[in-house]
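Quick notes on the structure that follows.
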Amino acid sequence: MQNIRLKGLYIFLLIISIIALDLYTKFVVSGDNNTIILSSFIKLHTINNYGIAFSLFDGLQDGGRLLLSIVILIVLIFVAYELYKNLRSSINYLLGLSLVLGGGVANFIDRFDNGSVTDFIIVHYENIYFPAVFNIADLSISIGAIFIIFHLAGRPHGLSLIHISEPTRL
């Protein structure tokens, strides 16, 4: 029981750290509308994303944005429940769910506070650009999804979430 509590504490601290880091970096970069060049392939420039990943649903009006926010909130509640329900699961699965939840909550807070998500990391090589501008929360969600995929791929029945066994012979 104590091991589960300690695991839960670590997960909670990870989620809070992701939220804090994401919101802090958004705060730091949002004050300046200039482009900051970090290296030859990473620069920072803020944009407001009113949609979701890759600016999908960016053109939604107020009612559509409210519906999108409700759907996102439902997904976050599901991920939190899945995390709580599986505290005895593999570390890869817990880490993946924690990263997804931390990033998702951070972007939800940003969306609720600003009406959009602040994206600012631009990755490129010369004039070839990664197709999306993203933030720390997006990075957390993506890495978390990779951990979840590896966990599911390592299950005895692959990526299938539902397994139908062969009928038992009498």
Which value, in Å², gives the accessible area per residue of region 82-132 when a 1.4 Å probe is used on the protein heavy atoms?
52
Peptides 37-43, 103-109, 14-20: what's the order by average Cβ count within 10 Å, highest mean first?
103-109, 14-20, 37-43
Applying the Karplus parametrisation 6.51 cos²θ - 1.76 cosθ + 1.60 with θ = phi - 60° to the phi angles of region 39-44, what ³J(HN,Hα) value in whole Hz is obtained for each residue in order, glycine and proline being reported as x?
7, 5, 10, 10, 9, 10
Report the calculated FRET efficiency for Ile109 and Lys85 (r = Cβ-Cβ distance, R0 = 22 Å), to the nearest 0.05.
0.40
Take each of the peptides 143-151, 120-128, average the number of other beta-carbon atoms within 10 Å over its residues, and list them starting from the highest.
143-151, 120-128
Give a residue-ordered list of calculated ³J(HN,Hα) values for region 82-95 (Karplus: 6.51 cos²θ - 1.76 cosθ + 1.60, θ = phi - 60°; whole Hz; x for Gly, Pro).
4, 5, 4, 5, 10, 4, 8, 6, 5, 5, 4, 5, 5, 5
The rounded separation in angstrom of the Cα centers of region 1-20 and region 107-123 is 24
Specify whether the C-alpha gyration tensor of region 62-129 places it in the rounded, prolate or oblate class, a ≥ b ≥ c being the square roots of the eigenvalues: rounded for a/c under 1.5, otherwise prolate if a/b is larger than b/c and oblate if not.
oblate
Would you kindly find the accessible area of Arg111, with a 1.4 Å probe and non-protein molecules such as ligands, DNA and RNA excluded, rounding to the nearest 10 Å²?
30
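The values are calculated or read from the model by the stated rules, or taken from the named source; none is laboratory data. Since we're looking at a predicted model, the values are computed, not measured. Note that each Cβ is placed from the backbone with ideal geometry, even for glycine, and that neighbours are counted across all protein chains shown. SASA here: full protein model, heavy atoms, side chains in, ligands and nucleic acids out. Shrake-Rupley method; radii C 1.70, N 1.55, O 1.52, S 1.80 Å.
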